[in-house]
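Below you'll find the structure, written out as structure tokens, and then a few comments.
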Amino acid sequence: MHFTKWHGLGNDFILLEQKPGFVPEERLPDFARRLCDRNFGVGGDGLVLVFQEHGLLNMRIFNADGSEAEMCGNAIRCVARYAYERGLVSNLSFEIKTGAGIRVPEIILDGEKFAAVKVDMGKPILSGEAIPVNGYGGKKVIEQDILVDGRIFKFTAVSMGNPHCLLFVNDISEAPVKTLGPLLERHELFPKRTNVEFIEVKTPAEINLRVWERGVGETLACGTGTCAAVVGGVLTGRLDRMVQVNLPGGRLLVEWAGNNHVYMTGPAEEVFKGRLCESFLNK
Ligand code: ZDR
């Protein structure tokens, strides 16, 4: 079975063009976990399945721990470039069905050459019960208190199809990503667990961001988290609607436009091609 390896700003994925039934559905999480293992497998932050169904391009994303996420901003740029370069689509802009609904990437060219992918990431979800965050009903969750590790922090919650807990900090280099991240990921307020973003505002048009990803750990970049951070920054009066986001793995541009859709622009890179061994597949 052939696979390709991709990354979006160092957030890396194993991409398989396979219909989900290639291994029994109940074995998919374990398969993803084994494949993402950097010592016993190929290695990656996630496994992405790409397949056509009912005439529509689909993607499913599994985290390194085997859990399935609804959506992934960095992976969808990789899937879009894959689909474009492999001729699975014929236009520069097309629909991809994700666990969070349809998203619309657009391939940006520089002359003939690939330059970037701009993705219509849809509308942010702000209602507590939809994100989901326990105890807020249909209300927004903005600058609320959360007790973790014996201290109270202010957090804002936003879903971009997957849940994000946003913390604004003074200095990103000192942010307790590896200690608070896992505690917040599994905090009782978040019934589906959560991704956690630590955000330093440099100017209203530029932020630095580090992420603790649900089901993965600290990664070099997070597409949906970047979008959520800009939405949270606008809602709390910190940011403009067009923001440059600096992540450990590089830079993304995010705009929360007047039509309430969030647009994310960034790179997608193919790194290598490989073939899975039968023994690994059948284990
Ligand atoms: C953060 C992420 N890599 C992206 O680029 O959007 C998404 C991966 C899925 C995430 N870990 C989750 O929601 O469980």
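The values are calculated or read from the model by the stated rules, or taken from the named source; none is laboratory data. Note that this is a predicted model, so its numbers are computed, not measured. Ideal geometry is used to build each Cβ from the backbone, glycine not excepted, and the neighbour counts take in all protein chains shown. SASA here: full protein model, heavy atoms, side chains in, ligands and nucleic acids out. Shrake-Rupley method; radii C 1.70, N 1.55, O 1.52, S 1.80 Å.
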Revision key, fill the gap. Those residues of segment 104-149 that are touching a His at 6+ places or on another chain (Cβ under 8 Å) and acidic (Asp, Glu) come to a total of 1
Review point. What's the number of the condition ASP149 fails, among (1) on the phi < 0 side of the Ramachandran plot; (2) free of Cβ contacts under 8 Å to residues at least 40 places away in the same chain?
Key: (1)
Exercise for review: Starting from residues that are open to solvent by 100 Å² or more (accessible area, probe 1.4 Å) and in a strand (DSSP E or B), keep the ones in segment 266-283 and report whichever is nearest to GLY8 (Cα to Cα).
Suggested key: LYS273
Check your understanding: On the given criteria, is ARG193 within 17 Å of GLY249 (Cα to Cα) and not β-branched (Val, Ile, Thr)?
Key -> no
Point to revise | Complete set of residues in segment 215-242 that are open to solvent by less than 10 Å² (accessible area, probe 1.4 Å), more than 9 Å from the ligand (Cβ to nearest atom) and either of a type outside the set (A, V, I, L, M, F, W, C) or over 17 Å from the mean Cα position of the chain (by Cα) (or both) | key: GLY217, GLY232, GLY233
Revision key, fill the gap. Taking segment 1-51 and keeping only residues that are in a strand (DSSP E or B) and surrounded by fewer than 15 Cβ atoms within 10 Å (Cβ to Cβ), one is left with HIS2
Review point. Can you tell me which residues in segment 245-260 are surrounded by fewer than 16 Cβ atoms within 10 Å (Cβ to Cβ) and in contact with a strand residue (DSSP E or B) (Cβ under 8 Å, 6 or more places away or on another chain)?
Key: ARG251, ALA257
Point to revise | Among the residues listed as GLY41, GLY55, the single one being modelled with pLDDT under 95 and away from the ligand (no atom under 16 Å from the Cβ) | key: GLY55
Check your understanding: Are any residues in segment 52-99 among the basic types (Lys, Arg), out of contact with any Leu (no Cβ under 7 Å at 6 or more places or on another chain) and open to solvent by 10 Å² or more (accessible area, probe 1.4 Å), and if so, which ones?
Key -> ARG81, ARG86
